[in-house]
Amino acid sequence: MSEDEVIRQVVHVSREDLPTLRQVASSNGVEVHEVQQREFEPATMIMLVLVGGALAIASVTHALEVRKGGQIIDLRPGASMPIYRSKDLLYGLILVFAVDGKVSVQAHEAKGTFDLISEKLIAALPGLAGAKSADVQHTLSDEIASGAVVVNVTEENPANE
């Protein structure tokens, strides 16, 4: 595929992210076409088709990913949302809540590896539900050695121990 070849990519964005997407797309020479919503799609999301060069579309989709923020994984029993993205956490950071603390992970090069690291972590964590932070740190360090680093482990002592 040449850089000049026009491609199309379907993306889903929240209504609040639509103005930013349009601005980034315009500055990269990417056309944005809204797709008619179907009944079963969430009303908070909009389906769009991006039309433009491959590099330009990659820039737009990366800007959307950065806007979503970091990844939070909650291994504590009864977590209402065990895996989600948060704009309160910088893109490239992954925060894992364990039963006794939290483990922070930083992707070495967020633009190229953040999604891959997140997927690896999510795949490695089902057996760690309810685990302590030291166990989470050990498993994560083994899984992500080449693409990220565990930057902080915080153990919290429960008040009634």
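Odds and ends about this structure:
- Residue identified as crowded, with 18+ Cβ neighbours inside 10 Å and either touching a residue at least 60 places away in the same chain (Cβ under 8 Å) or not acidic (Asp, Glu) (or both) among Ile94, Ile7: Ile94
- Any hit, the range 66-78, residues being over 18 Å from the mean Cα position of the chain (by Cα) and of a type in the set (Val, Ile, Thr): no
- Residue in the range 36-46 that is loosely packed, with under 15 Cβ neighbours inside 10 Å and basic (Lys, Arg) present: yes
- As a summary of the residue check, His33 satisfies the conditions (1) farther than 21 Å from Ile7 by Cβ; (2) surrounded by fewer than 18 Cβ atoms within 10 Å (Cβ to Cβ) except for the one numbered (1).
- The set of residues from the range 51-85 being in a strand (DSSP E or B) and more than 17 Å from Gln23 (Cβ to Cβ) comprises Gly53, Gly70, Gln71, Ile72, Ile73, Asp74, Ile83, Tyr84, Arg85.
- Of the candidates Leu95, Leu48, the single residue that is in a strand (DSSP E or B), farther than 20 Å from Ile144 by Cα and in contact with a strand residue (DSSP E or B) (Cβ under 7 Å, 6 or more places away or on another chain) is Leu48.
- Checked across the range 44-58, the condition of being at pLDDT 90 or above and of a type in the set (S, T, N, Q) holds for no residue.
- Considering residues of the range 69-78 that are without any contact (Cβ under 8 Å) to a residue 40 or more places away in the chain and buried (at least 17 other Cβ atoms within 10 Å of the Cβ) only, the residue farthest from Lys102 (Cα to Cα): Gly69
- Number of positions in the range 104-161 that are modelled with pLDDT under 70, in a helix (DSSP H, G or I) and either farther than 12 Å from Ile94 by Cβ or acidic (Asp, Glu) (or both): 2
The values are calculated or read from the model by the stated rules, or taken from the named source; none is laboratory data. Since we're looking at a predicted model, the values are computed, not measured. Heads up, the Cβs are rebuilt from the backbone with ideal geometry, glycines too, and the neighbour counts pull from every protein chain shown.
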